[in-house]
Amino acid sequence: MPITEVGQSGVCILLAGGASYPGYMAIGSGSGVTANATGLYAELSRKIFTDTDTTTLRKITWVGDWNSFEMSGLELTEFGILTGSPGSEMWHYENLGNPITFDGTNELRIEITWEVI
Amino acid sequence: MAYYTFVKINDIEYNEYVTGDVVSSIGENNTSSNFTLHYENNNGRYTDLFDIGDEVQVWIHNAVLTSGTLANGTKLLTGIVEKRVIKGKGNKDIITITGRDYTARLQDITVQPEVYTSQLVEDIIEDIFNKYVEDVTYDKTAIGVTITRITFKHSTIFDSLKRLANLVNATFWVDADRVTHFVFKNTTDSGLLINNTNSLDVNWTKTRKELANQVWVYGDRYLDGYTQTFTADGIGSVFLLDYKPHSTLINVSGLLSKGGIANFAQEVQSGTQHLISFNDRHVIFVSGTNAGNNIPVSGVTISAEYDRDLPIVKFGRDRSSIKAYGLKEQVIIDKDIKDPDEAEDLMKSQLAEQSNPKLEGNVNLDGIYYLVAGNFCTVNKPNDGVTNQQYNILEVNYSFDKEALLREEVIKVKLNKRIRQLTDELKDIITGLKGLRGSDIDETDLITRFEFDEDQLQLQNDGWFVKQRFTGSETLWGMSTWSGGLWDGSYDYARTTTISGGEF
């Protein structure tokens, strides 16, 4: 489930004036059937979003970037968006299944879009 | 010439109906305008297209209508689908949609408990529309009649308008543009002259059945404080009150007398000084072994303070009608009537409406006409005893099928005064029951109000992309570990999507 239950609840709390909302994207090498409430299974890196795009009506896109040095030697199997530092809420989680291996010649960008329908 | 129709459902053209009916009606009929349309539903063609709540619009014209020429036609009805029936039989599937026009809104909403005092009819209606009505507007037309007092207790807006219409001899309807008209009867001329050249068949019914030339109106009852004094003669023990007493206090020489109810027990309870006989209006001072002698002595002043029950009753009769048709009574009991003036207004309007036999006409018309119920027409059928009479159009029934449209035999009109049917009696029974059940409702009641609402914010993950870009041994400007590599904008390689996903 890409949008976690924590994320769904978080949206409701946010509409009620809550101050917690996604600000970070994390990548990891772990695996899990369901999403954790607070973070990835084996987090490799967590960064502030490179970009948050709301120019399309009813949509929001979060962008996270990692350069080739940062990704060198890593295997990417999971990523998510979170509200803060470790221990915060994870609002979105995705597990890729098969890992993507980075050999130092590729940088990484992850774009996640939510739509209100 | 022939008739041509145009049907839109949710703003999409659906002219392929097999048959259809559109009935334009006014409040007097206890019904709203309504429609029925039948379509061939082969292979479920319309199953997913027509649903409850869809808006239906129907136009008619004497030339072919297209979506671009609708302004040339006459819009007969704008309504809402309230019922959908799909019937399958062999290779012939039929889908039938029926519904009411926006009069439905007036029938579905009630006027909250409120009393209107000394206000013009049109101001009362305007206030009701401003407070309660959605989707329908009111074309405020001067009536100029002031209603002394009228009370509404959760009666539907339709029934409330009907009460007002009855009081001032008016009629009302909602037109195809969702505008409510409330006007005196026979105000707007439809321009239609019905005579031997355009009437296919005619039916005139005149009946004494609903005649009433002596009308009683009973409203609510009130308790009113009242005091009577007597001077005792020392002999008599029974004193007659002017009214049947409620909550009675008897004072003898300024001292409160202890009372009881006459014939309530075989033996008068000890200490009882007087008894009240409610229906006889008697105060009976008791004497005997148990009670002792409580008969006031001569010259003592007896004061009786009690509540008397005052009814609102108005009575009126039309002597000329009695002379012509014989006495026929109507008794109206309506606990919602809290004011004598209101009762009087109702009595007068009932006499005016019902002191003569009702004449109802039903005419099948030949030719092309665009009629709206509520307007009036002129009828000249001397052989039927109707010579150049102006009659209100109560109902216009358009029946559409291909042959009827070609023959121009589409319209049936109901004229003048509606003769009550079983449905009207049922409607009266239901309205009466509502009145009984709601008799204790008051506009000053404190209401604990709860408002419930819910909506869904469905968040959908439109997608995610994991993108890679080949960089070789370089890094890009702006990255955290940049060490003299290339500017992002000057880099040769584009990002490529490695993997993507998401829920759609």
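Worth a mention:
- Residue tally, condition of a type in the set (A, V, I, L, M, F, W, C), out of contact with any Leu (no Cβ under 9 Å at 6 or more places or on another chain) and closer than 11 Å to B:Ser277 by Cα, over the range B:240-263: 2
Residues are listed down the side, and each one gets a yes or a no for (1) modelled with pLDDT of 90 or more; (2) under 30 Å from the mean Cα position of the chain (by Cα):
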position	(1), (2)
B:Asn30	no, yes
B:His61	no, no
B:Thr78	yes, yes
B:Val85	yes, yes
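- Which numbered condition B:Val297 misses (of (1) more than 57 Å from the chain's Cα centre (by Cα); (2) crowded, with 17+ Cβ neighbours inside 10 Å): (2)
- Selected residue (criterion: farthest from the other protein chains (Cβ to nearest Cβ)) from residues of the range A:30-61 that are hydrophobic (A, V, I, L, M, F, W, C) and open to solvent by 60 Å² or more (accessible area, probe 1.4 Å): A:Val33
Residues are listed down the side, and each one gets a yes or a no for (1) without any contact (Cβ under 8 Å) to a residue 40 or more places away in the chain; (2) not aliphatic (A, V, I, L, M):
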{"position": "A:Ala37", "(1), (2)": "no, no"}
{"position": "A:Tyr41", "(1), (2)": "yes, yes"}
{"position": "A:Ile48", "(1), (2)": "yes, no"}
{"position": "A:Lys59", "(1), (2)": "no, yes"}
{"position": "A:Gly64", "(1), (2)": "no, yes"}
{"position": "A:Leu74", "(1), (2)": "no, no"}
{"position": "A:Phe79", "(1), (2)": "no, yes"}
{"position": "A:Gly87", "(1), (2)": "no, yes"}
{"position": "A:Tyr93", "(1), (2)": "no, yes"}
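- Among the criteria (1) closer than 26 Å to B:Asn388 by Cα; (2) surrounded by fewer than 16 Cβ atoms within 10 Å (Cβ to Cβ); (3) touching a Phe, Trp or Tyr at 6+ places or on another chain (Cβ under 6 Å), the one B:Phe315 does not fulfil is (1).
- Matching residues, the range B:442-470, being β-branched (Val, Ile, Thr) and at pLDDT below 75: B:Thr444, B:Ile447, B:Thr448
- Whichever residue in the range B:197-207 is at pLDDT 90 or above and either open to solvent by 50 Å² or more (accessible area, probe 1.4 Å) or under 29 Å from the mean Cα position of the chain (by Cα) (or both) and, among such residues, is farthest from B:Ser247 (Cα to Cα): B:Thr197
- Answer residue from the range A:62-103, given it is acidic (Asp, Glu) and open to solvent by 20 Å² or more (accessible area, probe 1.4 Å) and is farthest from the other protein chains (Cβ to nearest Cβ) among those: A:Glu89
- Considering only residues in the range B:1-48 that are among the charged types (D, E, K, R) and not in a loop (DSSP other than H, G, I, E, B), the one that is farthest from B:Thr156 (Cα to Cα) turns out to be B:Glu40.
- The C-beta contact set for the range B:42-53 (first residue under 13 Å from B:Glu16 (Cα atoms), second residue open to solvent by less than 50 Å² (accessible area, probe 1.4 Å) and of a type in the set (Ser, Thr, Tyr), distance under 8 angstrom, 6+ apart or interchain) comprises B:Arg45/B:Tyr39; B:Tyr46/B:Tyr14; B:Tyr46/B:Tyr39.
- Residue check: B:Phe129 meets all listed conditions (1) open to solvent by 30 Å² or more (accessible area, probe 1.4 Å); (2) in contact (Cβ under 8 Å) with a residue 24 or more places away in the chain; (3) under 13 Å from B:Lys140 (Cβ atoms) but one, namely (1).
- Members of the range A:12-29 found to be out of contact with any Lys or Arg (no Cβ under 7 Å at 6 or more places or on another chain), in contact (Cβ under 8 Å) with a residue 24 or more places away in the chain and within 18 Å of A:Ile60 (Cβ to Cβ), listed by number: A:Ser20, A:Tyr21, A:Pro22, A:Gly23
- Verdict on A:Pro86 being closer than 16 Å to B:Gln468 by Cβ and either in contact with a strand residue (DSSP E or B) (Cβ under 9 Å, 6 or more places away or on another chain) or modelled with pLDDT under 90 (or both): no
- Yes/no for B:Gly68 being assigned to a strand (DSSP E or B), modelled with pLDDT under 90 and either assigned by TED's automatic domain parsing to the domain that holds B:Phe400 or not aliphatic (A, V, I, L, M) (or both): no
So that you can scan it fast, the table gives a plain yes or no per residue for (1) in contact (Cβ under 8 Å) with a residue 24 or more places away in the chain; (2) under 19 Å from B:Thr227 (Cβ atoms):
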site: B:His246; (1), (2): yes, yes
site: B:Ile250; (1), (2): yes, yes
site: B:Gly271; (1), (2): no, no
site: B:Asn279; (1), (2): yes, no
site: B:His282; (1), (2): yes, yes
site: B:Ser287; (1), (2): yes, no
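- Looking across the range B:73-91, the residues that are open to solvent by 60 Å² or more (accessible area, probe 1.4 Å) and small (Gly, Ala, Ser) come down to B:Gly88, B:Gly90.
- If you go through the range B:216-245 and keep only what is over 30 Å from B:Ile150 (Cα atoms) and in contact with a strand residue (DSSP E or B) (Cβ under 8 Å, 6 or more places away or on another chain), you end up with B:Thr227, B:Gln228, B:Thr229, B:Phe230, B:Thr231, B:Ala232, B:Ser237, B:Val238, B:Phe239, B:Leu240, B:Leu241, B:Asp242.
- Residues that are out of contact with any Asp or Glu (no Cβ under 6 Å at 6 or more places or on another chain) and more than 11 Å from chain B (Cβ to nearest Cβ) within the range A:1-29 comprise A:Glu5, A:Ser9, A:Ile13, A:Ala16, A:Gly17, A:Gly18, A:Ala19, A:Ser20, A:Tyr21, A:Pro22, A:Gly23, A:Tyr24, listed in sequence order.
- In this structure, B:Tyr325 does not qualify as under 24 Å from B:Ser199 (Cα atoms), touching a residue at least 24 places away in the same chain (Cβ under 8 Å), open to solvent by 70 Å² or more (accessible area, probe 1.4 Å) and out of contact with any helix residue (DSSP H, G or I) (no Cβ under 7 Å at 6 or more places or on another chain).
- Restricting attention to the range B:141-174, the residues that are touching a residue at least 24 places away in the same chain (Cβ under 8 Å), open to solvent by 40 Å² or more (accessible area, probe 1.4 Å) and more than 22 Å from B:Asp424 (Cβ to Cβ) add up to 6.
- Count of the range B:145-202 residues which are hydrophobic (A, V, I, L, M, F, W, C) and part of a strand (DSSP E or B): 16
- Count of residues meeting criterion [surrounded by fewer than 19 Cβ atoms within 10 Å (Cβ to Cβ), farther than 17 Å from B:Lys414 by Cβ and not aliphatic (A, V, I, L, M)] in the range B:17-42: 4
- Single match in B:Glu344, B:Glu353, B:Glu360 (criterion: in contact with a Ser or Thr (Cβ under 6 Å, 6 or more places away or on another chain) and not in a loop (DSSP other than H, G, I, E, B)): B:Glu360
- Of the criteria (1) over 30 Å from B:Gly472 (Cα atoms); (2) in a loop (DSSP other than H, G, I, E, B); (3) of a type outside the set (Asp, Glu), which one A:Gly73 fails: (1)
The values are calculated or read from the model by the stated rules, or taken from the named source; none is laboratory data. Note that the structure is predicted; figures quoted are calculated from it, not measured. Neighbour counts are summed over all protein chains in view; Cβ atoms, including those assigned to glycine, are modelled from backbone coordinates with ideal geometry. Side chains are part of the model used for accessible areas, which takes the heavy atoms of the whole protein and leaves out ligands, DNA and RNA. Shrake-Rupley method; radii C 1.70, N 1.55, O 1.52, S 1.80 Å.
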